[in-house]
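To start, the structure itself, in structure tokens.
No lab work stands behind these numbers, since they all come straight from the coordinates. What you are looking at is a predicted structure, and each value in this text was computed from that prediction instead of being measured. FYI the Cβ positions are ideal-geometry reconstructions off the backbone, even for glycines, and counts take in every protein chain you see.
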Amino acid sequence: MDVSQYLEIFIDETNGHLQNLSDCIMTLEKEPENMDTINEIFRAAHSLKGMAGTMGFKRMQRLTHDMENVFQEVRSGNMSVTSGLVDVLFQCLDAIEAYLDNVKESSDEGTDDNEAIIQELNEILAAGTGNTLPEKTEKVPVKQPGDEKHPKKYLDIEFSEKEKEELREAESKGMNIYGITVFIQEECLLKAARAFLVFKAVEDYGNIIAYNPSSQDIEDEKFGIDFSFYLVSEEGLEKILEVSRAVSEIEEVVGEKLKYSELTAAAEKKEAAQAAEQEAKAAEAKTEEKAVPAAPAQTKQAPAAAKKTNGGKPVTNRTVRVDIEKLDALMNQVSELIIAKNSLVSIGSSSDGGTGGASSQAFHEQIEYLERITTGLHESVMKVRMVPIESVVQKFPRMIRDLSKKLDKKMELFMTGEDTELDRTVVDQIGDPLQHLLRNSADHGLESTEVRRKRGKPEVGSIHLNAFQEGNNVIIEVSDDGNGIDTETVKEKAIERGLITPEQGETMTQKEIIDFLFMPSFSMAKKISDISGRGVGLDVVKSNIEALGGDVEVKSVLGEGSKFIVRLPLTLAIIQALMVEVRGEKYAISLGSIETIEEISPDEIKFVQAKEVIHIRGIVIPLIRLDQLLDCEPEDKERESLTVIIVRKGDKVAGLIVDELNGQQEIVIKSLGKYINNSSKIISGATVLGDGEVALILDVNTLF
Amino acid sequence: MANNLVAADNTRKQFIVVKIGSEQYGIDISYVDNIVRMQKITRVPKVQPYFKGIINLRGEIVPVMSIRTKMDLEPDEFTDVTRIIILKLEEHGVLGIVVDEVKEVVTLAPDEIDKVAYDAKNSKSNFINGVGKHGEELISLFDTNSIIDEPEMV
């Protein structure tokens, strides 16, 4: 066995603890007196220390150990939480995260000692405990009551002849024999792993001779909450107990030094065992008294931790982790099923004609049933792939806090709808764009504190991140109550850059001007800062979001703030589409981008700048003849009426002229493959229709 | 590529013999996934001219290419014996090519295959990497990879 098989657990748990710590420290900053939070931080730091220690990550262990020390003092009321401490704590978190990143990449924590942070921690510790508040020191640590809860079960172990031989030999070499019983917290989910970590820890100091239950049973998790073993070692007992207790989720470890003669006697005679126990109790009491400061902390911490986990986590783990590739495979098969279903539906409707009768009706009923099942199945699979955006947005409060310090602006982030769910692939890629928008709001959006005061706004600027579902889309809005976008300055900048002439600038709408912000290397920041202003910004946000099939919109009122609206599709693989025909060729257009469908007569077509437009309900809409766009054979004569599909992208609309409408359908998007050089991107994919025919999917976004 | 040829030289290889125009061509059977009858090909606008379009092969979308157009021959004429040969290439996925007729499968020993010299003037020769002798008949052997490669744009 080696530690690497526990690496994944370690990484997962460390991530969990880090997020927990980050949340707690944020809370602590607001409520420095909150005892629950302080306990929680202490517990998380302690667990981190234990885990890092057993995995052999000494630097990480040292750092978390010092964090734990500080909180030990805070807990016992010897020092109070200052904003300086909070800053250092955040640095610690970053450092631990860096260790963890190293571990993820190379299974090693790296070589950064983070001496500076450790020193700062210790300085704060020294300064904090120096001016101890006398009235608070009266808290006496509660002693763990006796050993009734933790009997010395190791005395029950019966030795085989071979084990006796080994013990005798070890003792004759001057090694100590320890009997040890380890109690694991009842809530622990991976008892075998914990046991393994304990063995791993103690085997650094000696050899384990006998187990109870057997080592195989321990490995298979066939034991209650405790297990016992005998260890021969040259190291002192306290050291052994300490390393075992350092493993997280270990409730208590009891043990004592034994003589071989005592052991054999104990095994043979019950009375002798009793006597040994009495003696051991005394020994245990002694070790309790002179134990290192960490030991009482340990015993105090355990019940608190137990209480906490009882309240928070469900007792049993009801989730499974599945490789995303397996989900993709499942998704593909559901897609196939939907295609098969669609073809059954089309056979059903075509053979509808003369047959009639009971069998046909039964057939239709079954098809409808099948349709319900496949739709349900599709929804379930989609749901499985859906994850709440929480995993992405939960790091933002911390980021805003840091930005607030860095920019010296007071600001607060309000988030709603963190539980809004999106397809896994979308969630994975939405983090960066959102982060960018938030930075943008913090840096460019919000004014400095002085300006805000002058303008009569609340000193603390607020940034809102709201997520919610709207039809087949998820909307994420990032808004601030800052200055808003100064379109005049943007216009000047655009003219300065030679993008437009001053005359053009006069006629531009506010929307068109704001669109400049999404152009590559068009930065509005007056000076380049760490946070933003390098000109790689909103254009990247825009292209990232568009790559996910979404779009970004901006609303801004000068002096009152701006709002970025990100619209994302719920799913990427299956969409609702309108089927159209152009010269007998079938195309699908996503329903999401369709506004209305109009029937017009050819003489309604007007010309503006030699381009065809129509004027409907006060809006002038440019027309695109799909047959021309898609290089179809021209028709001999103009039709008497034209079908126009009005599509929208953001604020822009266009009318697509098609020959025929074939109704709405759920379609499965398939790629065209790599051979076809689809550089125009008009065709975003293909889909197989119910009758086996292939239809191409038009990406109307490329038409604007 | 070179290694492949050396290794293959020691073994007998199987080829599917197809007719394109008046000539017979051989396609290494190890690349052939399937042979299907001519079916409706959905045209894809705005792509390379030699791509006929895409077909639905048991739910999968497969691009189909006209080897005639690619070799600058006269355009395809679809008949009862026209077939689409589906090639499967490790990293590239599947691709169909249209042939006039599928004749047979032949096994050729290394000594039955003659290498052909590269002739830059003859665009057809770019796709051929050998000539097989099967009895009295001569079979031009396709270099499967060069069929797939994009021609250099002039």
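Tabulated results
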item: Packing-based exposure ordering (other Cβ within 10 Å, fewest first) of A:386, A:35; result: A:35, A:386
item: The range A:405-466: proportion of alpha-carbon pairs further apart than 16 angstrom, %; result: 53
item: Reachable aspartates and glutamates from residue A:191, criterion Cα separation under 13 angstrom, eight or more residues apart if same chain; result: A:217, A:219, A:220, A:221, A:226, A:249, A:251
item: Cα gyration tensor category, rounded, prolate or oblate, for the range A:574-703 with a/c compared to 1.5; result: prolate
item: Per-residue average of Cβ from other chains inside 10 Å of B:55-62; result: 6
item: Shielding score for A:583-589, defined as the mean number of other chain Cβ atoms within 10 Å; result: 1
item: Residues of type aspartates and glutamates that residue B:46 reaches as a straight line, Cα spacing below 15 Å, ignoring anything fewer than 8 places off in the same chain; result: A:585, A:627, A:631, A:633, A:699
item: When each of A:511/A:563; A:49/A:222; A:406/A:555; A:395/A:454; B:13/B:88 is checked by Cα-Cα distance, pairs over 21 Å; result: A:49/A:222; A:406/A:555; A:395/A:454
item: Prolate/oblate/rounded call for the range A:390-569, Cα gyration tensor, a/c under 1.5 rounded; result: oblate
item: Peptide B:44-52, shielding by other chains (average Cβ, 10 Å cutoff); result: 6
item: Karplus 3J(HN,Hα) series, Hz, for the range A:209-221 with 6.51 cos²θ - 1.76 cosθ + 1.60 (x for Gly, Pro); result: 9, 9, 10, 9, x, 5, 4, 5, 4, 5, 4, 7, 6
item: Mean Cβ count within 10 Å, highest first, over the residues of peptides B:42-52, A:693-703; result: A:693-703, B:42-52
item: Kirkwood estimate for the range A:32-111, i.e. one over the average of 1/r between Cα atoms, Å; result: 13.0
